[in-house]
Amino acid sequence: MIEVKNIHFWYPDGTNALCDVSLEIQDGEFIALIGQNGSGKTTFAKCIAGILKPTKGEILIDGKNLKNFRRKEIAEKIGYVFQNPDHQLFSNTCEKEISSGPRNLKLPLKEIKRRVEIASEIAGVDRKLFNKHPFFLSKGLRQRVAIASILSMQPKAIIVDEPTTGQDFKQSISVMEFLKKLNQQKHTILIITHEMHIVAKYAKRVVLFKDGKILQDASTKEVFEKRDSLAKARVKPPQITIFSRRVLNKTFLTCEEFLVKRKLEVRSQKLENPPLYSPLLKKGGNRGDYKN
Amino acid sequence: MKNPIIEFKNFSWKYENAQDFSLKNINLKIFEGDIIGVVGANEQGKTTLLRCLNGLIPFNWRGTLKGGVRIFGKDILQGSIEEFSKKVGFVFSDPDSQFTSTSVEEEILFGLENLNLPIDEIKTRLKWAIEEFELEGFLSKPPYELSGGQRQRVAIASVVVMKPYVLVLDEPTSMLDPDGKSEIFEILKKLAGEENLTLIIAEHNLTELLKIAERIIHIDKNEIVYDGDVQRFVDEFDYENLQIYMPEVSQVFWHLKKQKNIPFLLEDAVGKFQK
Ligand SMILES: Nc1ncnc2c1ncn2[C@@H]1O[C@H](COP(=O)(O)OP(=O)(O)OP(=O)(O)O)[C@@H](O)[C@H]1O
Ligand SMILES: Nc1ncnc2c1ncn2[C@@H]1O[C@H](COP(=O)(O)OP(=O)(O)OP(=O)(O)O)[C@@H](O)[C@H]1O
Ligand SMILES: [Mg+2]
Ligand SMILES: [Mg+2]
């Protein structure tokens, strides 16, 4: 469990990036942090990952104050993947990059090798890439290497800052499905993103930031229903959510949900029922509450 | 017929250390006032195409070039980046790779000062950029002490403020918040109307892009597979495969078996659905 208690953060130039932020995160949650540019999301994430120290307030991880952790111990609790993975990749081969954490821990060679293999496997980094320089890989692969280098520390919680920025839809889904899989294996996942269709499809809880404070903290559906606080935070719900409000007066979060629910409605009205084929529907997605 | 301002003829490009050609057999004419969206999955050649529009290719990247490109009538090999850049402004997808100054204000002024404009004009434009891009709060900050989205805003502003004839933007709004994305596209559209700017924008966010684009170039496997108007692009798109995330209203209409004139703007979709 991560408990953030009344933290404040000032950068050295006097910028007040966080102002009295409190949040409790249970093990195994899947949370999206959203909000305006400059609202403090990255600063907040860096504070819980121990990269920045809050100027005031405290953070407890499994009951223990983050201040009393050694750097290496933090890395086993929480991993943070940078907004721009290029700020994080510094080794000249992918293998060195992925093994750097475990090497710092001075783990036995055999264990290091094992961890690199598991992490690469989960993150989808092919062994063929091990000797390549991360710089020459595509954005999508560089990000996978960055994630693998975090996973090799086997942290309980993983924070990924803008995992889908610059990725096409297939790549985005593939990164997100892989985070979903980690979540099912009981890892806590936090993502920071401006892509609301990704939030709608994957996050169960949404924390909305504005001006260094938390404006709202609720289930994804509740947050996307409150147009006024979203507007204040310069966020728009997914287009399909606006559309379904306008035409059906309902809040649907994804295209899948819209299509399935509408189909049920049409059926219950005993109207003509066109056969519905959708590759989106086959893949599953956010269909937890279809039954009602 | 009008003359194109940029023209590709049987153009191919292979980066020095690459196995294959990153662009193959490109034939393309860009006309003054065009608003072009360049779309496609990752690694298909969007950025490579944009780099040819101001001479970054072949002057900053080495490789093999076949065929030709003319920029304002001049063969690309006969010119230089400096020369082309006077007419063609370029916003990089990674803002960090664009910054040269230690404060946001200097960053905006840097390009303007190189244009040899009268001092009053420089002041007017600086003021305009600060207002339009909402930079007031962090003028004296170094760009690298800004949040990701704030950096991207500065990067766009510092090029747009020069008001070049042609503006090339590579994924300009990838890190902006949802309202910020809309605002930038609105600013671009307004400028295009007022100053007869030509816009070429590579973008993964089609919901915003299609609000302003008048022509779509779809690049797939290093070739142009579609070049034409927006409606036909939306109608003919392969929704089963969804490599590109189309506007959600288009996806829904396609699934509801609407095959022609699929809407791609929210208002249109609302109107059509109610009918
Ligand atoms: N190194 C720094 N020095 C000074 N101020 C900074 C620094 N990094 C960020 N800031 C400021 O702190 C505030 C919060 O920035 P942060 O990066 O946390 O925002 P964010 O919510 O992640 O935004 P974005 O969506 O644009 O990534 C902003 O006003 C930003 O300008
Ligand atoms: N500097 C380079 N050296 C060698 N190959 C390169 C270089 N830059 C790009 N490539 C290759 O050229 C092809 C096209 O890449 P490009 O960056 O143009 O794609 P893109 O469509 O912009 O993709 P993205 O959506 O990921 O930005 C890819 O196969 C890429 O690996
Ligand atoms: Mg950020
Ligand atoms: Mg690109």
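The values are calculated or read from the model by the stated rules, or taken from the named source; none is laboratory data. Treat the numbers as computed from the prediction; the structure is a model and nothing was measured. Every residue, glycine as well, gets a Cβ built from its backbone with ideal geometry; the counts of neighbours run over all protein chains shown. The area values use the complete protein model at the heavy-atom level, side chains included, leaving out ligands, DNA and RNA. Shrake-Rupley method; radii C 1.70, N 1.55, O 1.52, S 1.80 Å.
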Exercise. For the protein assembly as shown, what is one quarter of the convex hull surface built on the Cα atoms, given in nm²?
Worked result: 27.5
Seminar exercise, completed: Once amide hydrogens are built 1.01 Å from N within the peptide plane, the residues lying 5 or more places from B:I35 or on another chain with amide H under 5 Å from its amide H are B:L199, B:E214, B:R215
Exercise. Using θ = phi - 60° and the Karplus curve 6.51 cos²θ - 1.76 cosθ + 1.60, what whole-Hz ³J(HN,Hα) does each residue of the range A:159-172 get, with Gly and Pro shown as x?
Worked result: 10, 10, 8, 6, x, 10, 4, x, 9, 6, 5, 4, 5, 4
Exercise. A:N104: net charge of surrounding residues, Cβ under 14 Å, Lys/Arg +1, Asp/Glu -1, itself excluded?
Worked result: +3
For this session: Based on alpha-carbon positions alone, could you give the equivalent ellipsoid semi-axes of the range B:129-170 from the gyration tensor, as √(5λ), descending, whole Å?
Result: 19, 12, 8
Seminar exercise, completed: If exposed means GluC sites (Glu not before Pro) lying in a DSSP loop and surrounded by at most 11 other beta carbons within 10 Å, then the longest stretch of chain B lacking such sites spans residues B:17-239
Exercise. For chain B, what % of the accessible area comes from carbon and sulfur atoms, probe 1.4 Å?
Worked result: 46
Exercise. With a Cα-only, solvent-free Debye model of the range B:147-196, what are the log10 I(q)/I(0) values at q = 0.17, 0.31 Å⁻¹?
Worked result: -0.48, -1.35
Exercise. Counting only other chains, what is the mean number of Cβ atoms within 10 angstrom of the Cβ of each residue in peptide A:259-265?
Worked result: 1
Seminar exercise, completed: For the range B:107-171, the dipole about the Cα centre with charges only on Cβ (Lys and Arg +1, Asp and Glu -1), to the nearest 20 debye, works out at 60
Seminar exercise, completed: Given unit charges at Cβ for Lys, Arg (+) and Asp, Glu (-), the dipole magnitude of the range B:132-265 about its Cα centre in debye, nearest 20, is 120
For this session: Could you check what % of the DSSP bridge pairs in chain A are antiparallel, to the nearest 5?
Result: 50
Exercise. Does chain A come out rounded, prolate or oblate by the C-alpha gyration tensor, with a ≥ b ≥ c the root eigenvalues, rounded set by a/c under 1.5 and, if not, prolate when a/b is larger than b/c and oblate if not?
Worked result: oblate
For this session: Could you pull out the trypsin sites (Lys or Arg not before Pro) across the range A:1-89 that fall in loop regions by DSSP (anything but H, G, I, E, B) with no more than 13 other Cβ atoms inside 10 Å?
Result: A:R70
For this session: Using a 1.4 Å probe on the heavy atoms of the protein chains only, list every residue of the range A:82-108 that has 50 Å² or more less accessible area in the complete assembly than in its chain alone.
Result: none
For this session: Report, to the nearest whole %, how much of the accessible area of the range A:91-155 belongs to carbon and sulfur atoms, 1.4 Å probe, protein only.
Result: 55
For this session: With a probe of 1.4 Å, find how much accessible area the protein assembly as shown has per residue, and write the answer as a whole number in Å².
Result: 45
Exercise. Which whole number gives the average, over all residues in B:177-185, of C-beta atoms from other chains lying within 10 Å of the residue C-beta?
Worked result: 5
Problem set entry | At 1.002 mPa s and 20 °C, Stokes diffusion of chain B via Kirkwood alpha-carbon radius, µm² per second | 109
For this session: Have a look at the range B:234-257 and report residues whose accessible surface goes down by 20 Å² or more when the remaining protein chains are included, against the chain on its own, probe 1.4 Å, ligands and DNA/RNA excluded.
Result: B:E240, B:N241, B:L242, B:Q243, B:Y245, B:E248, B:V249, B:Q251, B:V252, B:H255, B:L256, B:K257
